[in-house]
Amino acid sequence: MFRFLVPFLLALSFLQNAYADVTIGTWNLEHLSVRPNKDFQGIAKVAQKADFLAVQELMNEDALEALAKELTRQTGKHWSAMASHAVGRKSYKEMYGFVWRDDVVAYEDGAVTYLDRHDTFEREPYSARFKSLKDGTTFVVATVHILYGKSQADRASEITALSDYWSWLKDTYPGNNQIMLMGDFNTPPTSPAWDNLDASAKPLVLNGASTLSTTDGKFANLYDNIFVSKNTAIRVNDVQVFNYPKFLGMTHAKGRDSVSDHAPIFLKASLSGGSPSTASAQPRTALTNPMKPAAAPSGSGKNLTVAIRGNKKTMIYHRPDCPSYNAISEKNRVEFDTAAAAEAQHYHLAGNCH
């Protein structure tokens with residue numbers, strides 16, 4: 001009997017782990033905005049292959065909301081979305097966005113734009129913590145769009161600075177080993193510029209390319225990627241650059257015109273390393289669209305109605321219980337009556353608030 005029981009248990013374990021898998025994607029959607037030639041139906045048809053998607057080159061929140069709405073329409077499941085504030089040194093600015101299926105993933109906390117004290121990044125990275133509703137595992141997604149610039153040297157300085165950013169992520173989300181850094185790095189993973197980060201993190205895509213060439217069926221550069229900790233608990237079951245023009249039945253020229261000059265990367269993984277947690281898979285009571293102001297969870301003990309302090313330089317706000325509440329200089333300090341009022345002005349909660 002034992003020899004029959006072992007295969008059964010192995011099969012059961014496989015099914016449990018497969019059930020807990022979450023598909024996470026990253027996609028530079030090339031100036032994503034609501035305009036006549038942007039194919040939101042096609043984008044959503046591809047994006048729904050993921051449960052969670054990080055978006056780069058978002059131009060406004062309306063476009064992200066339009067994508068979430070189209071995903072909801074196509075899948076019959078509700079999708080939520082949230083965006084960073086606009087980042088960039090000059091008049092040209094971009095935003096970062098996250099969209100996710102509400103029955104699979106929930107926003108947890110800690111949405112924050114990186115405090116780039118050395119002003120190295122043209123577009124400071126954006127991150128937040130989420131929860132898999134399949135097994136209760138929390139995970140952190142950080143996204144960045146590295147400056148292309150005029151030469152490799154322009155990109156290399158930002159790539160080198162990602163080592164400090166990775167350390168910042170670990171400090172900002174302590175105790176969470178499921179950290180993923182993804183986006184458009186404008187640099188292949190073989191570049192020496194990655195040497196500083198190499199000691200801590202590794203790219204999941206090492207071969208192939210992710211940017212559309214002018215020749216149908218051929219791709220040019222491996223600029224997009226997902227990095228995870230070298231000792232991460234995440235178990236990677238599949239990762240791929242997704243050939244969306246072939247999937248949508250369009251030429252590269254059509255894809256570049258109406259969708260993007262980049263292909264998405266999809267990661268299918270068990271975030272808990274294949275050991276389902278006993279944590280509750282139910283969403284928190286205050287789980288609403290983080291694009292909109294939201295109240296604190298009942299019983300949280302965190303007063304979100306008084307004495308909110310914002311930093312107008314970083315566009316980050318702090319509650320009185322946050323560690324950096326008294327660290328904001330007078331010249332950069334702005335006060336709000338509520339967290340909702342701060343968020344309405346595009347401020348984001350500091351990542352070290354718990």
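The values are calculated or read from the model by the stated rules, or taken from the named source; none is laboratory data. None of these values were measured; they are calculated from a predicted model. FYI the Cβ positions are ideal-geometry reconstructions off the backbone, even for glycines, and counts take in every protein chain you see.
Structure data summary
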read-out: Subset tally (residues that are surrounded by fewer than 20 Cβ atoms within 10 Å (Cβ to Cβ) and either closer than 15 Å to residue 259 by Cα or in contact (Cβ under 8 Å) with a residue 60 or more places away in the chain (or both)) for the stretch 71-85; value: 1
read-out: Hey, residue 131 in contact with a strand residue (DSSP E or B) (Cβ under 7 Å, 6 or more places away or on another chain) and at pLDDT 95 or above or not; value: yes
read-out: Matching residues in the stretch 233-247 - criterion: being in a loop (DSSP other than H, G, I, E, B), more than 17 Å from the chain's Cα centre (by Cα) and within 24 Å of residue 200 (Cβ to Cβ); value: 233
read-out: Neighbours by Cβ (under 9 Å, 6+ apart or cross-chain): first from the stretch 136-160, in the same structural domain as residue 84 (by TED's automatic domain parsing) and surrounded by fewer than 20 Cβ atoms within 10 Å (Cβ to Cβ); second basic (Lys, Arg) and part of a loop (DSSP other than H, G, I, E, B); value: 147/123
read-out: Of residues in the stretch 188-214 being closer than 19 Å to residue 260 by Cβ and polar (S, T, N, Q), the one surrounded by the fewest Cβ atoms within 10 Å (Cβ to Cβ); value: 214
read-out: Top-ranked residue in the stretch 49-68 [being among the small types (Gly, Ala, Ser) and closer than 15 Å to residue 262 by Cβ; ranked as surrounded by the fewest Cβ atoms within 10 Å (Cβ to Cβ)]; value: 50
read-out: Number of positions in the stretch 72-93 that are in a helix (DSSP H, G or I) and either outside the structural domain of residue 26 (by TED's automatic domain parsing) or farther than 21 Å from residue 132 by Cα (or both); value: 2
read-out: Residue ranges of strands (runs of 3 or more DSSP E) in the stretch 265-354 with at least 3 members touching a helix residue (DSSP H, G or I) at 6+ places or on another chain (Cβ under 6 Å) and either closer than 28 Å to residue 184 by Cβ or modelled with pLDDT of 50 or more (or both); value: 308-311
read-out: Yes/no for residue 105 being closer than 17 Å to residue 316 by Cβ, crowded, with 24+ Cβ neighbours inside 10 Å and assigned by TED's automatic domain parsing to the domain that holds residue 201; value: no
read-out: Residue under evaluation residue 140, criteria (1) closer than 18 Å to residue 350 by Cβ; (2) in a loop (DSSP other than H, G, I, E, B), criterion not met; value: (2)
read-out: Residue list for the stretch 111-127, filter: within 22 Å of residue 30 (Cα to Cα) and in contact (Cβ under 8 Å) with a residue 60 or more places away in the chain; value: 113, 127
read-out: Cβ-Cβ under 6 Å pairs, at least 6 apart or on other chains, the stretch 326-344 side in the same structural domain as residue 309 (by TED's automatic domain parsing) and surrounded by 12 or more Cβ atoms within 10 Å (Cβ to Cβ), far side in a helix (DSSP H, G or I) and among the hydrophobic types (A, V, I, L, M, F, W, C); value: 336/342
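This table checks each residue for (1) out of contact with any strand residue (DSSP E or B) (no Cβ under 6 Å at 6 or more places or on another chain); (2) basic (Lys, Arg); (3) assigned to a strand (DSSP E or B).
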residue: 70; (1), (2), (3): yes, no, no
residue: 95; (1), (2), (3): no, no, yes
residue: 98; (1), (2), (3): no, no, yes
residue: 117; (1), (2), (3): yes, yes, no
